[in-house]
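Undergrad: Please read through the structure below; I'll follow up with questions.
Read-outs throughout are calculated quantities, based only on the coordinates presented, and are distinct from any laboratory measurement. What you are looking at is a predicted structure, and each value in this text was computed from that prediction instead of being measured. Note that we place each Cβ from the backbone using ideal geometry, even for glycine, and neighbour counts take in every protein chain shown.
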Amino acid sequence: MIPPFFAQAADSSGDAQDAPWWVLILVVIALVLVIVSLVLRASARRKGAPQEPSWKDEARDGYQDARWLTENLTDEFAAWMGDQKGSGAEGSPSSRNDEIAAALQERTTAAHDHLFALAAKAPDRRAKELADEAATQLSALRRAVEERSDARGAYSATDNADTKALSDARAREVRATASLYRVREAAQAAVEGLHGLTR
């Protein structure tokens, strides 16, 4: 004779074995769906989060924008800008200079943003110094272009009858041109110093 406790245990195990097969399939499918959902959500979170640019990314982007500035902020461009400012004078048509003028502020801001970020993330002191020097020289280049442009504008606006004022304006333009050449060379050297960081 089987004791009542064991008889109940035997009956309950028999019930578990008699459970419909489709219930087990539903449980397995539910588990698979939960696992797949968790994996997809984790993957989407990894892909959706914006990646913080590395110092090398900042160096590469900063170098590209800074190089564009040193290549395009020329004496010719500064003189063209000055002609635009000159009283009653219009610069000669130049689609290239128009393109440079249109992109100038955006490129300048981008270059400085990348260089400041590079200085903050720099892996060593040398990289930080290169970024700081390039940013400093680019600022000096912008100032030199503005001075050259202002000198050209003042010369264009000077009354030809006033020989003293014309001579002074011309002398200022010559000084501004010489200064722009020197500053541009220094900026080009500083920007080339960044090139090693992009490799």
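Undergrad: Which value in nm describes the separation of the simple spin-label points at GLU99 and VAL23, placed 7 Å from the Cα toward the beta carbon?
TA: 7.5 nm
Undergrad: Neighbour counts of other C-beta atoms within 10 Å: give me TRP21, TRP80 arranged from fewest to most.
TA: TRP21, TRP80
Undergrad: Treat the count of other C-beta atoms within 10 Å as a stand-in for reagent exposure and order ARG148, ARG60 from fewest to most.
TA: ARG60, ARG148
Undergrad: Counting only C-alpha contacts under 8 Å and six or more residues apart, can you give the relative contact order of the stretch 55-198 as a whole percent?
TA: 39 percent
Undergrad: If you don't mind, there's one more thing I want to ask. Counting other beta carbons within 10 Å of each Cβ, put SER139, SER37 in order, fewest first.
TA: Ascending Cβ contact count within 10 Å gives the list SER37, SER139.
Undergrad: What FRET efficiency comes out for GLN51 versus ARG199 if R0 is 25 angstrom and r is the Cβ-Cβ distance? Round to the nearest 0.05.
TA: After rounding to 0.05, the efficiency reads 0.75.
Undergrad: Assuming 0.36 nm per residue, please report the length gained on full extension of the stretch GLN64 to ALA42 beyond their Cα-Cα distance.
TA: Using 0.36 nm per residue and subtracting the Cα-Cα distance, I get 4.4 nm.
Undergrad: May I ask you to compute the full-extension gain from GLU106 to ALA161, defined as 0.36 nm times their residue separation minus their alpha-carbon distance, rounded to one decimal in nm?
TA: Result for the pair: 15.7 nm of gain on full extension.
Undergrad: Give me the distance in nm between label points sitting 7 Å out from Cα along the Cα-to-Cβ direction at ASP124 and LEU33, one decimal.
TA: Taking the simple label geometry, ASP124 and LEU33 are separated by 5.7 nm.
Undergrad: A follow-up question, please. Restricted to Cα positions, what overall size does the stretch 55-198 have along the principal axes? Three whole-Å values, descending.
TA: Principal extents (Cα only, largest first): 60, 27, 18 Å.
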